[in-house]
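One structure below.
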Amino acid sequence: MIELVVALTAAGLTAWPFRREAKQRADSAAQGDLIKVPCLLRHPSLEGRWLRGRLLIGPSGMAREPRTKAGAALSLPDELRQISVRSPSLREAVKINGGSRIVECTSSEGALLVAVMPNELDHVLTGLNSNGAE
């Protein structure tokens, strides 16, 4: 019984900073500030490889901030438009979080996939819609 209480306490203390950070991002987005949304990106030039990074979403549009050296030279393609939103397939769920959502996009360079957590999905969709309106 004590192990259960300790495990539940540890889980709550672990989840608390993530919820707080997501709430701060949502508040900043509501004020129109620049926010950094963690994501995984599957770029058309690197087929089959998911790149860690962040999407910088603000009133002026959307950009990508890489988290690894592998994708440091890549940027978001021009004319990025959303096609659909879906859950990851079983094969994709092995490489990325199975609870995430994948935003399928099309661009001048080809198909692009962006994987984000469900609580960040609205920010990404808003950024894509403002990016395509320019």
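Quick rundown of the values:
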| quantity | calculated |
| --- | --- |
| Value of relative contact order over the chain, rounded to a whole percent, pairs C-alpha under 8 Å and six or more apart | 22 percent |
| Of all accessible heavy-atom area on the stretch 1-121, the percent that carbon and sulfur account for (1.4 Å) | 57 percent |
| Derived scalar couplings ³J(HN,Hα) [the stretch 62-68; Karplus, 6.51 cos²θ - 1.76 cosθ + 1.60; whole Hz; x for Gly, Pro] | 9, 9, 10, 10, x, 10, 10 |
| Most positive-pole-ward Cα, Trp50, Leu8, Leu40, against dipole of the stretch 8-82 from beta carbon charges | Leu8 |
| Spatially proximal lysines relative to Lys23 (Cα-Cα < 21 Å; intrachain offsets below 8 disregarded) | Lys36 |
| Per residue accessible area of the stretch 19-80, 1.4 Å probe, in Å² | 60 Å² |
| Loop-resident sites, the stretch 1-106, for GluC sites (Glu not before Pro), counting at most 14 other Cβ within 10 Å (DSSP) | Glu47, Glu79 |
| Crossing angle, helix 121-132 versus the chain [Cα axis fit, 0-90 degrees, rounded to tens] | 10 degrees |
| Helix 2-30 axis, angle to the chain major axis (alpha carbon atoms, nearest 10°) | 30 degrees |
| Electrostatic dipole magnitude of the stretch 21-106 [Cβ: Lys, Arg +1; Asp, Glu -1; Cα centre; debye, to 20] | 360 debye |
| Gain in span if fully extended, Thr126 to Ser84, counting 0.36 nm per residue against the direct Cα distance | 13.8 nm |
| Positive-end residue of Cys105, Ile83, Ala73, charge dipole of the chain with Cβ unit charges | Ala73 |
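The values are calculated or read from the model by the stated rules, or taken from the named source; none is laboratory data. Note that the structure is a prediction, hence the values are computed from the model and not measured. Please note: Cβ atoms are built from the backbone with ideal geometry, for glycine as well, and neighbour counts cover all protein chains shown. Heavy atoms of the whole protein, side chains included, go into the accessibility calculation; ligands, DNA and RNA do not. Shrake-Rupley method; radii C 1.70, N 1.55, O 1.52, S 1.80 Å.
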